[in-house]
1. Name the residue, out of Tyr155, Tyr207, Tyr171, that is farther than 28 Å from Gly64 by Cα, outside the structural domain of Trp70 (by TED's automatic domain parsing), surrounded by 17 or more Cβ atoms within 10 Å (Cβ to Cβ) and out of contact with any Cys (no Cβ under 6 Å at 6 or more places or on another chain).
2. Go through (1) out of contact with any Phe, Trp or Tyr (no Cβ under 6 Å at 6 or more places or on another chain); (2) touching a residue at least 40 places away in the same chain (Cβ under 8 Å); (3) within 16 Å of Arg277 (Cα to Cα) for Trp195 and report which single condition fails.
3. For the stretch 210-221, name all the residues that are part of a loop (DSSP other than H, G, I, E, B) and under 15 Å from Asp61 (Cα atoms).
Amino acid sequence: MTPSRRSSHNREMIEVNGCLCCHHHASVRVLYPSTFDGADAESLFLRDREKAVHDEIRRCDDCGFVFTGWQFTPEVYESIYKSQTFRFTKGDAKRQRRLVSVVISNTHGHRFVELGGGDGSFTEALLELGHLGKSFEVGDDFPRWAWDHEGSVDYIVAWDVLEHLPLLRRYLHSAQICLRRGGLILATLPNAESWAARILGKRWPMYLLEHLWYFSPATLKRFAAQVGLVLIEARPIPFDVELGTISKRLRQHGIPCPDLPEWSVPLPIGNMLAVLRKP
């Protein structure tokens, strides 16, 4: 089926026909209508967004996979992400310490790749521990690098990255290629079946314009198997965020809230830590 196309501020968008996870078409329905009015998407991405919006959220009733029904082209996402500036906050520092401990407790080996490394601070933290590796951003040619380094990587980290990747299948397959046997992918991502997602419904703060895929443990297990990976763990993980950021996010969702102090607190907002292994 040829996908439908539309444009927003001269940026092309493509309709996602069918489910990425089970490939069915007839069972896909609209879960929540779009809140995106076609404005300039660059001002609606990441932390400095003017307001929180999302395009049409769809759900496959056959497998339960949730996804964004209209997506920009990969080139548009690459351009937008390259225009963004990453600010390292106190919440980021606290979360980084938590995730470093996750790496230490789950991995055996020291050769790594980080996908979506932002300002590079997490890669630097691992290098300081004596690990050897590098970071790739969206748009960097990680797939080509992966094929050139087949079976050479002990683990890959992807913190809040997989839900952003328009070419997710290609990236995960490339990750599987460069991992050694028994190598791991450690990823944090939204859980569409979390209590937060169920209770908050269309107000779940993970429904954002830049988020394309919303896995649950069951759908992630199914999708990972298609690229030669096994899901061995999926558990809730809090998101360390500053109170000031919370007040800003509430206002982005149209909820009045005063400015709050910059104290960092762990919030159960529906993120999960997933561990995938190459058999």
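1. Tyr155
2. (3)
3. Residues of the stretch 210-221 part of a loop (DSSP other than H, G, I, E, B): 210-212, 215-216.
Matches in the stretch 210-221: Phe215, Ser216.
This table checks each residue for (1) free of Cβ contacts under 8 Å to residues at least 24 places away in the same chain; (2) surrounded by fewer than 21 Cβ atoms within 10 Å (Cβ to Cβ).
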{"site": "Phe122", "(1), (2)": "no, no"}
{"site": "Gly130", "(1), (2)": "yes, yes"}
{"site": "Ala146", "(1), (2)": "no, no"}
{"site": "Leu165", "(1), (2)": "no, yes"}
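Residue-by-condition table, conditions (1) surrounded by fewer than 18 Cβ atoms within 10 Å (Cβ to Cβ); (2) among the charged types (D, E, K, R); (3) at pLDDT below 90:
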position	(1), (2), (3)
Thr2	yes, no, yes
Asn10	yes, no, yes
His24	yes, no, yes
Pro33	yes, no, no
Asp37	yes, yes, yes
Arg58	no, yes, no
Asp62	yes, yes, no
Phe88	yes, no, yes
His110	yes, no, no
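The values are calculated or read from the model by the stated rules, or taken from the named source; none is laboratory data. Here the structure is a predicted model, which means the values were calculated and not measured. FYI the Cβ positions are ideal-geometry reconstructions off the backbone, even for glycines, and counts take in every protein chain you see.
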